[in-house]
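A.B. asks: Dropping the structure in here first, questions after.
Just so it is clear, none of the values below were taken in a lab; they were calculated from the coordinates. The structure presented is a predicted model; accordingly, all values stated were derived computationally and were not measured. Here the Cβ positions follow ideal geometry from the backbone for every residue, glycine too, while neighbour counts run over all protein chains shown.
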Amino acid sequence: MNHIAISGTEYPHKNINEVLDMAELLTVKNLELWIPHNFKISEIDHITKMLDQRKLKVICVSTWTQLNIPENIKAKQDLITMSIDAAKIFNTGFVNTYFGPNPLRNVKESIDVYLKNIDSCLNKAIKENVIIVLENEFEKSGTDITRRAENVLEIISRINSPNFQLNFDPCNFYFAGEEPFPYAYKLLKDHIKYIHLKDGMKFSKVLYPHPGDGFLWQDASGDYICTALGNGAIPWEGFFKQLMKDNYDGVLTLEPHVPVNLLEKTFKESLEYLSGMFEKLND
């Protein structure tokens, strides 16, 4: 498990150079880049040259596309298609997307609509030999059905394609009030092809009376804050031990989701934690 990446989601409105600079500072060689937040498709040739010069690699192209939300479906489909084209140019096999909340639909209706909306994108992914990974999410309304592991399993099972799999985010499950490990992991492990890493814990006004911008994350189950790996509530040792036992050989992408002034520090502490954990588990 030596494929570590950092996510450009932490730099949604910054110059791409800041993402590349951070990767070099952290001596991380892999990146998840967001389109259009980190780059536009028209810039991709220039971005590719920059990556080559710095010996960096894009391992996933991500889009904030929620196909269970009825607005702008065609634009979202086009963005996923564009991300697949970008993934081919970057020579990576993954594009990341999202499901989305919708209080007007039950689980079955949500899945039925999502399957219809993702179909053209999936056909494109199959043609280009790219895997669309769906990320499980938390959110304030409690109506994004990917907050529950059994719903994620049903979505993937109904689509039933090797080109549609899971971006497993343990902390997102925790924030949604779902047990990330062992429950969600063991239920979904056969479909996990990509993993997002952040840590978090419940928010308390007693502990953090002035959380500040970018500090608080809200879900229907409560309020949370993100931390460096090992400082929150996720049972990482058991999780990584099981990943090794299951021979997971995919990417682990760090996305700390902390305020900008804590970003570099949190990245560094999380990488140190990962290094120590893998050394411990390999002894």
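A.B. asks: Under the Karplus relation 6.51 cos²θ - 1.76 cosθ + 1.60, θ = phi - 60°, what is the ordered set of whole-Hz ³J(HN,Hα) values for the range 125-133, x standing for Gly and Pro?
C.D. replies: Per-residue couplings from phi come out as 4, 4, 4, 9, 6, 10, 9, 7, 10 Hz.
A.B. asks: In whole Hz and in residue order, list the ³J(HN,Hα) couplings for the range 195-208 that follow from phi through the Karplus curve 6.51 cos²θ - 1.76 cosθ + 1.60, θ = phi - 60°; x for Gly and Pro.
C.D. replies: Result, ordered by residue: 9, 9, 10, 8, 10, x, 8, 5, 7, 9, 5, 5, 7, 9 Hz.
A.B. asks: What number, rounded to the nearest 500 deg cm²/dmol, is the helix-based mean residue ellipticity at 222 nm of the chain, given -39500 (n - 2.57) per DSSP H run of at least four residues and division by all its residues?
C.D. replies: Helix contribution divided over all residues of the chain: -13000 deg cm²/dmol.
A.B. asks: Does the range 152-283 come out rounded, prolate or oblate, given a ≥ b ≥ c as the square roots of the eigenvalues of its C-alpha gyration tensor, rounded meaning a/c under 1.5 and, failing that, prolate meaning a/b above b/c?
C.D. replies: oblate
A.B. asks: Can you spot the aspartates and glutamates whose alpha carbon is less than 13 Å from K76's alpha carbon? Ignore those fewer than 8 places along the same chain.
C.D. replies: D119
A.B. asks: Okay, next question. Amide H neighbours of E139 under 5 Å, counting only residues 5+ apart in sequence or on other chains, H built in-plane at 1.01 Å?
C.D. replies: Residues meeting the amide H criterion: A220.
A.B. asks: Enumerate the amide H contacts of V58 below 5 Å, restricted to partners 5 or more residues apart or on another chain; note that Pro and chain-start residues carry no placed amide H.
C.D. replies: Result for V58 returns L31.
A.B. asks: Along the positive direction of the dipole of the range 4-282 (beta-carbon charges: Lys, Arg +1; Asp, Glu -1; about the Cα centre), which of W217, N163, M82 reaches farthest?
C.D. replies: Farthest towards the positive end: N163.
A.B. asks: Through the Karplus equation 6.51 cos²θ - 1.76 cosθ + 1.60, θ set to phi - 60°, convert the phi angles of the range 249-265 into ³J(HN,Hα) values in whole Hz; use x for Gly and Pro.
C.D. replies: 10, x, 8, 10, 10, 7, 9, x, 6, 10, x, 4, 5, 9, 5, 4, 4
A.B. asks: Once a ≥ b ≥ c are taken as the square roots of the eigenvalues of the Cα gyration tensor of the range 10-60, is the result rounded (a/c under 1.5), prolate (a/b larger than b/c) or oblate (a/b not larger than b/c)?
C.D. replies: Verdict is oblate for the range 10-60.
A.B. asks: If you don't mind, there's one more thing I want to ask. Cross-link partners among aspartates and glutamates for K140, C-alpha distance below 16 Å, same-chain residues fewer than 8 apart left out?
C.D. replies: E178, D219, D223
A.B. asks: Taking K29 as the anchor, which lysines have their alpha carbon closer than 20 Å to its alpha carbon, excluding any fewer than eight residues away along the same chain?
C.D. replies: Within the straight-line cut-off, K29 pairs with K14, K49, K55, K57, K88, K193, K198, K265, K268.
A.B. asks: Strictly greater than 26 Å: what percent of every Cα pair in the range 4-282 meets that?
C.D. replies: Everything past 26 Å amounts to 41 percent.
A.B. asks: Cα gyration tensor of the range 36-170, axes a ≥ b ≥ c as square roots of the eigenvalues: rounded (a/c below 1.5), prolate (a/b > b/c) or oblate?
C.D. replies: prolate
A.B. asks: Mean-square fluctuation check for the chain, GNM, Cα pairs under 10 Å: which of V133, V206, V95 is largest?
C.D. replies: V206
A.B. asks: Which of these, Q165, Q53, Q77, has the largest mean-square fluctuation under a Gaussian network model of the chain (Cα springs below 10 Å)?
C.D. replies: Q53
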